[in-house]
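This report concerns only the one structure given below.
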Amino acid sequence: MSTDNNGSMSQSEYDDRIELSAGSDWHSRPLTDIYAELETSEEGLAAAQARERLERYGPNKVEAEAGTSLLRILVEQYSSALIWVLIVAAIVMAGVGHTIDAAVITGIVIFITLFGFVQDYRAEQSVQALKEMSTTYAIVRRDGEKRELDATKLVPGDVIFVESGDIVPADARLLEESNLRVDEAALTGESVGVSKETNQVDEGTSLAERKNTIYKDTVVERGSGTAVVVETGPESEIGQIATALEEAEDRETPFQTEMDRLGKIIAGVVVGAVAIIAVAELIVGETEPLQVFLTAVGIAVSAVPEGLPAVVTLSLALGARRMAEQNALVRRLPIVEALGSVDVICTDKTGTLTEEEMTVQRIAANREVYEVTGSGYDTEGEFLQDGEATGEAQVAEILRCGMLCNNVDRGTRERDTDGDETGVADTEQEERTYLGDPTEIALFVAAQKAGFDHEELFEAYPRLGEIEFTSARKRMTTVHETPDGDPVAYMKGAPETVLKRCDRELIDGSFVELTDERREAIEAQNEDFAEDALRVMGFAYRPDVPTEQATRPDETVEHDMVFLGLQGMLDPPRPEVTNALSGCLNAGINIVMITGDNAVTARSVGDEIGLRSVTVISGLELEEMSDDRLAEVVEDVDIFARTSPDHKTRILQTLQAEGHTVAMTGDGVNDAPAVKNADVGVSMGIRGTDVTEQASDIVLLDDNFATIRDAVKGGRRIFDNVRKFVNYLLSGNGGEVTMIFTGSMLGFGLVITPIQILFINIVTDGIPALSMGVDPPAKDIMDRDPRPPDEGVITDRIVTSIVGIAVFMTICLLPLFTLNFYGELVPGYDVLEAVAGWNPGYEPSRELAQTVVFTGFVVFEIVRIQAIRYRYGLGLFTNRWLVIAVAVAVTLQLLVLYTSTGQLLFDVEPLALVHWLQIGVAAVVFALLMSLFVKVQDQYFERY
């Protein structure tokens, strides 16, 4: 299968890949033909048949669930050009006999690759753990008996049983169904459940309309059914999509590309500098070839930032760990940085922006409208009329109807409250939960707010019978026995359907005739509720049910009903979403809601959470739009309503073509192409499918939009920190290269040794650089616009900094070398003695001069740290780890200078007070030059 330039899969390729699956005809064939082809019957398979088929077809699971292999994770650690530069440097060092240098560099490479491997492996294991938490089991008929087994052992021809709350274990053709409704959002993107039936449908029927077929990994909302398995594993609808995604190659992030480019640039600089020095010294100078080679090695070591890959990896890993603590699981470390450049977030509505907990907000009863307070499944709330609390008696009957004509149940689950990852509770806590349809749960909770107790109410009003809800009937009726022993019927359903079956209404406890005028008023109230994006249900009851119909009710019971009123409910926005969205908008990040819900509901939610202009385009309008027209309007649209998953990919590609860096959320299987092709793909950890998680870069463990905002902030913080220490390390290395190059050209030989450079690069540079990886965020981090997608870590400002700092270091340190090597600032003419009568009072030597330069670099780098951080508004003590790191670096430098082991390993001499004074004066001059240079930069470059 072909892929786009990024190695990702386009929507058209995705559609082509599943064309064979979409054309399967299990839905259009008579059951007798299906039984014959699968060699089965309604009695199912024999156990021996099932075992043989399991060997033939393989386990009922999709390959995407297998995760990434350990070998692939390990190999990926060696994909950076910088790693290979270090490997070559180690080989060169070993070849010239510098075994200590070679060993140090080799250790760095091993550390970087092992650390990166551990981090990527842990992220992969976390994703696998999420899947293992939701193992699917199936009820199947084998050898004529029902049994429960692991769904991976299902085979074509098995007869399975599903009921409310089950995850469908395989693609299957229905044999029987009872009020069966299935949530197929994971596969089709439709947010409304599909009512199923057993009737044969036409061959060309679309996937979403195949009502006689159920599909793997969809969820049974209500009812029950029996079905024969027709496809399993990779051949199922979800398996076809998973296979297509697995074949698509992973794309590189801009950061990975830039780090690879940086490695190649550094390699080029090394080769170029070495060649220039070799030619100059061999042709122009009189230096021995061995000395030329050692100088070239020194240049090579000084040019390579040995600590950079380790610091980058550690910084990304620490950022990923912080994000995991905030419920964002990072599956690929480099994507952490990519978050910082996101300027558009395309997000789902349900469960991400909203609670995914329907809540009754208004009740129309007794010819009055009552506001209901409280949110979600919290049973605390009041009933208000004109802003004043009113007694629950005014709405008691309609709430009683809502709880009795309802199939919600209460359940318990045990939670591990000790906070460890064992899954074994040291302290067990029972958590009450609701089992059933979200709409019915909303009615259930509203009744609880009025003081109704489920168990007590059903004990007082035991159910005698039920007429089930169907999509055709649009209503549900239950019959109960009252405390007086009389049967009573309660009904709920679509307001217009309920109203047709009523001839009276209940007003203040009395029955009043339902006139045409009142019917019009009720219909107008229904429309008012709907315009406010409320989902409205009508309620009625019949107190005079004939006794003979009480236990076996039929539709004849549903007449002469008493209208009780309306209840309007809404899935409320998450309380933290408004602030999170405002923070994103202030940060220059546009938010686009893409939902399958209707435009009215989407617009209402958009208004409430504070979207920019709440401009809405429907899926139908989108289909009629040309690509050029969509490109013209896409940046001004906040909401796309009634969309399908392929619309998501089209919106994504249009935004990317306009130069935006896009984060895309998704949960369903056919959201996966959009998630995979996004610059940052985000899947839902709670309601997301395995395939979408595999396609994503980040998994939200709480499905919360605020977590995306926090992740973006974390990404910006990490990018700032990466930019700081890249600037810090490369400017230091630039100083070393310039110093060695200049000294060599002036005939001074090596002004600092390779092992001393390694110590600076790894210890006195690397440790503080690592601590900068945990620098706090700049105060304006979410007040500035996202950086342009083509702006890398290394900007023009940083390039000038590298050059300028390199020159300043050389200007300040080269005189110290000559002073302590020749005893003169300028060889052949002692300026200090001529001007101030200076006499060094010690014996100059190359070892001493190299030691002074070595220590001077360490001091200069410490001064450089705070100069870089100051531009981000960070004080010296805002990062305690940096303070510790600087203290450690200084301590290690002192140990090198003043211990016999350090002096032997690094070929240094102990410095006297006069040498520290020389370094101090040079550091002050260096700081002044930097300050002037920064002011000049501010005139020509952005702050960062």
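Every number here is computed from the coordinates shown, using simple stated rules; none is lab data. Computed from a prediction, not measured in an experiment: that's the story for all the values here. Here Cβ is always computed from backbone atoms with ideal geometry, including for glycine, and neighbour counts include all displayed protein chains.
Distance between the pseudo-spin-label points of A46 and F877 (7 Å out from Cα toward the beta carbon): 8.4 nm.
Please report the spacing between the Cα centers of the stretch 852-908 and the stretch 432-491 in Å, no decimals. Using only Cα atoms to place each centre, the spacing works out to 73 Å.
Per the Debye formula on identical point scatterers at the alpha carbon atoms of the stretch 547-668, with no solvent, log10 I(q)/I(0) at q = 0.21 Å⁻¹ is -1.30.
Computed over the stretch 314-366, the P(r) tail beyond 14 angstrom holds 69 percent of alpha carbon pairs. In terms of overall dimensions, the stretch 437-508 has a Cα radius of gyration and Dmax of 13.4, 34 angstrom. Each distinct pair of alpha carbons in the stretch 741-801 adds a 1/r term; the inverse of their mean, the Kirkwood radius, is 15.6 Å.
Working from the Cα coordinates of the stretch 701-767, the gyration tensor eigenvalues give, after taking √(5λ), semi-axes of 42, 12, 5 Å in decreasing order.
Every Cα-Cα pair in the stretch 835-931 was counted, and those over 18 Å apart are 55% of them.
For K264 and A103, a Förster radius of 25 Å and the Cβ-Cβ distance give a FRET efficiency of 0.45, rounded to the nearest 0.05. Fully extending the segment from T615 to E148, taken as 0.36 nm per residue of separation minus the present Cα-Cα distance, adds 163.1 nm. To the nearest 0.05, what FRET efficiency results for T551 and F111 with a Förster distance of 56 Å applied to their C-beta separation? FRET efficiency, T551 to F111: 0.15.
Size descriptors for the stretch 559-603 (Cα atoms only): Rg and Dmax, in that order, 17.8, 59 Å. Remark on the stretch 664-747: hydrodynamic radius 15.5 angstrom, per the Kirkwood mean of 1/r across alpha carbon pairs. The lysines whose alpha-carbon is closer than 22 Å to the alpha-carbon of K492, local same-chain residues fewer than 8 away aside, are K196, K449, K474, K500.
Each 10 Å bin from zero holds the following percent of Cα-Cα pairs in the stretch 849-903: 21, 46, 24, 8, 0.
Roughly how compact is the stretch 463-612, stated as its Cα Rg over 2.2 N^0.38 Å to two decimals? Please list the in-between numbers first.
Working: Rg = 20.5 Å, N = 150, 2.2 N^0.38 = 14.8 Å.
Cα Rg divided by the expected 2.2 N^0.38 Å: 1.39.
Normalising by residue count, the stretch 617-665 has a Cα convex hull of 72 Å³ per residue.
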